[in-house]
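This report refers to the structure that appears directly beneath it.
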Amino acid sequence: MQPTPLASGLRVAQAPAQGQGAAFSSAQPSRSHPRDVLLGAQAQTGFLPVCDHYSGVDARMRKSLQLQAEMTQEFGTCVFDVTLDCEDGAPVGFESEHARLVARLALDAAPTARVAARVHAVDHPAFANDVATIAGEAGHRLCHIMVPKVESVDDVLRVERALERVSAAQLPIHVLIESPAAVHRAFDIASHPRVQSLSFGLMDFVSAHGGAIPAEGMTSAGQFSHPLVVRAKLEIAAACHAHGKVPSHCVVTEFSDVAAMQGAAGRAARELGYTRMWSIHPAQIRPILQAFAPQQDDIENASKIIAAAALADWAPISFEGVLHDRASYRFYWQILERAHSTGRALPPSVRPWFDALTFVPS
């Protein structure tokens, strides 16, 4: 089977014709992949893992990449990205050395690794060198570039030009929204075609309010109750969904409190519309996967509906007394995508479609 390019970072193998080793079972007569049939222009610009794990210290960056390889083997798919951090990871005065370290780690990573880099903000003196060193030397090995403190589309354009200068124009751009002004412009920022994901920067957002938001607003509980913080999160999620981008929820700093982590991840996924979340400690990765994964009953139900829809060549069907068409098929297919991206087992009726899905370097 030959892979056909889809959204950035994803390929799907086309099924051969019947009688020539068809990859799909007899329950799936359509050779069109459900992503092509159901999502189209509404598909997100990237097929991303639900967890984005950050580390900036040499030993921790190496351990993060090793853990990613181990969990990919365990789950059968890459369940989290590793973002190597320059903004908070580089010691002051040693930004160039740290950028070279990040580039070297990306180049040395396994061919199947999903590794990204967070560079300094566009107005930081180290930004240009970060991009030149990391994207210029290892851009072909990166799944994306994360840029902090993005305030407007103009900042995105500066990143775009910097990447073009080092022949890394193919790299998706992820941005951090960290101020009230940036939240105001979130829809414009999300509309830029090179932007793949928007993340919410909780700590800087709270700090930008001159003490008007109490410190409680930065905690795992308070960030879900203060109106200004919740409003910002909703704006970012809505902007992403309006433009087919991935909304990524902020960190939980109480990394030793598993209950707090699980609660925050669950609320981000169920209440605020986020489909991805940051991790800053290895112990946070599995709670994020668990919170963002569909329930097993939902996976089974979605599998039955999608398999029946495929048999009907995606025409409307009646399933257990309920009418379904492409609008609901789209919803249930996305449940299955989420199950796959969180390493959940899929029923045999739909598994072949996901056996054909692989993460590849952008």
Residue in region 130-144 that is at pLDDT below 95 and open to solvent by 40 Å² or more (accessible area, probe 1.4 Å) present: no
Members of region 242-268 found to be open to solvent by 30 Å² or more (accessible area, probe 1.4 Å), of a type outside the set (D, E, K, R) and in a helix (DSSP H, G or I), listed by number: Ala242, Val258, Ala259, Gln262, Gly263
Filtered residues of region 215-274 (kept if touching a Lys or Arg at 6+ places or on another chain (Cβ under 6 Å) and among the small types (Gly, Ala, Ser)): Ser248
Hits in region 288-310 - residues which are open to solvent by less than 70 Å² (accessible area, probe 1.4 Å) and either within 19 Å of Ser199 (Cα to Cα) or part of a loop (DSSP other than H, G, I, E, B) (or both): Ile288, Leu289, Ala291, Phe292, Ala293, Pro294
Filtered residues of region 269-287 (kept if open to solvent by 70 Å² or more (accessible area, probe 1.4 Å) and among the basic types (Lys, Arg)): Arg270, Arg286
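Matching residues to (1) of a type in the set (Gly, Ala, Ser); (2) open to solvent by 50 Å² or more (accessible area, probe 1.4 Å); (3) touching a Phe, Trp or Tyr at 6+ places or on another chain (Cβ under 9 Å):
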residue: Val57; (1), (2), (3): no, yes, no
residue: Ala69; (1), (2), (3): yes, yes, no
residue: Arg104; (1), (2), (3): no, yes, no
residue: Thr112; (1), (2), (3): no, yes, yes
residue: Ala128; (1), (2), (3): yes, yes, no
Any chance Arg326 is under 17 Å from the mean Cα position of the chain (by Cα), of a type outside the set (Gly, Ala, Ser), open to solvent by 70 Å² or more (accessible area, probe 1.4 Å) and more than 27 Å from Ala110 (Cβ to Cβ): no
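The values are calculated or read from the model by the stated rules, or taken from the named source; none is laboratory data. All figures in this text were calculated on a predicted structure; none of them were measured in a lab. Methodologically, a virtual Cβ is constructed for each residue, glycine included, from the backbone with ideal geometry; neighbour enumeration extends over all protein chains shown. We work out accessible area using only protein heavy atoms, side chains counted, and drop any ligands, DNA or RNA first. Shrake-Rupley method; radii C 1.70, N 1.55, O 1.52, S 1.80 Å.
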